[in-house]
Amino acid sequence: MTDYEFSPHLHNQIEIVYVLTGNCVITIEDISYKAVSGDLALIFPYQLHNFSQSRDCELIVQVFEPEYATAFIPYLDKYIPETPLIKNIPADCIDAIKKSEYYHMSNANSRIIRSYVTLYMSFIQEKIRFIPASVFDYHSVLHSLLIYIDCHITDELSLNILAQKLHVTKYYISRLFNQKLHTTFTQYINHLRIEYAINLLKNTDMTISNIAYKSGFEHERSFFRVFKKNMKITPLQYRKTSNEVKEAGK
C-alpha cells in the first residue's frame, strides 16, 4: 500500500526515475511496474505515466530535453522501451545520476549537467530493448488532450476551449479525467502550473506576482492558495528554502 500518489501526466521530455530508498509503483500506459531501491525507470516523451510511493521512499526524478541524450533521438518518434525498468545499475552510473541531480539543484551550468546525463544515459541505452511505438494509440483523444494541455499550460484553459480544439464535448473530457486519470480537470491543470511555477521560483528572480501570472493563474491570490495546498508551504517559503539549499551546496 502506498502513501503518496501523483496524477498521471505526459510531456515532451525524457524522464528517468531512480529509487534511492523504499519502493514505488510506476505506471506507464496502464502497465504497472514495482520498483525497489536501486531500480531505474525510463519514460519516453508523451508516454502517459504516474507513480505512487511508500512513505519511506526517496526518488530522484529528472526530466530533460532529448538533446541531452542524443543517442536516443533516432528512437523517439517510432519506438518506446519494451520494459522501462532497469535493475543492477552500476556504481558509476548511480554516481552520475546523483551528481546531475546535485548540480541541477545548485543551478549549475547546463553543460555540467549534460555531461552527467550523457554518461548515465549511455549505460541505459545498452540495457534497453526498443519496440515500435505503434503498439500504443498515441493519437487517442486522451493523448491529444494531454499533449495540448502540456503545450498550452500557461495559456487560458477550460473544458470549453479543449472541447472546441478536440471536437468532443466538455462532458466527455471531464469523464476522461475522472475515469482514466482519477483526478479532475482543475486539479490536473493546477498541478502542472505549480510545477511550472516551482521552476521559476528556483531559477529566476521574478516577483511572486509575475510568477503567478506567468504560470497561468488569473489572480495572485488563487496562486498562493493552490501552491500552499499542493506544497504545504507558501511560494515565498519555498523560494527561501530553495536558495538555502543552493547556498549550502556552494
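Some values worked out for this structure:
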quantity: For the chain: accessible area per residue (Å², 1.4 Å); calculated: 55
quantity: Candidates per GluC sites (Glu not before Pro) in the range 143-241, loop by DSSP, up to 16 other Cβ within 10 Å; calculated: Glu156, Glu218
quantity: Computed FRET value (nearest 0.05) for His152 with Ser37, which takes r as the C-beta separation and R₀ as 35 Å; calculated: 0.40
quantity: Equivalent ellipsoid, the range 130-250 (semi-axes from 5 times Cα gyration tensor eigenvalues, Å); calculated: 31, 18, 12
quantity: Length added when fully stretched, Glu244-His219, from 0.36 nm per residue minus Cα-Cα; calculated: 6.2 nm
quantity: Sparsely packed trypsin sites (Lys or Arg not before Pro) within the range 181-237, loop by DSSP, other Cβ within 10 Å at most 10; calculated: Lys232
quantity: Restricting the range 42-140 to trypsin sites (Lys or Arg not before Pro) in coil, as DSSP defines it, with at most 14 other Cβ within 10 Å; calculated: Arg55, Lys78, Lys87, Arg129
quantity: Cross-link reach list, lysines versus Lys78, counting only Cα pairs under 19 Å and skipping chain neighbours closer than eight places; calculated: Lys127
quantity: Sulfur and carbon atoms: percent of accessible area, the chain [1.4 Å]; calculated: 51
quantity: Anisotropy class of the range 23-81 from Cα gyration tensor, a/c 1.5 cut; calculated: prolate
quantity: (1) 52, 40, 38; (2) 56, 44, 30; (3) 48, 47, 37, with the label sought being that of the calculated Cα extents along the principal axes in Å; calculated: (3)
quantity: Extent along principal axes [Cα atoms of the range 70-193; Å; largest to smallest]; calculated: 51, 36, 24
quantity: Cβ-derived FRET efficiency at R0 35 Å, Ile131 paired with Ile233, nearest 0.05; calculated: 0.25
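The values are calculated or read from the model by the stated rules, or taken from the named source; none is laboratory data. These numbers come from a predicted model, not from an experiment. Methodologically, a virtual Cβ is constructed for each residue, glycine included, from the backbone with ideal geometry; neighbour enumeration extends over all protein chains shown. Surface accessibility is based on the protein's heavy atoms, side chains included, excluding ligands, DNA and RNA. Shrake-Rupley method; radii C 1.70, N 1.55, O 1.52, S 1.80 Å.
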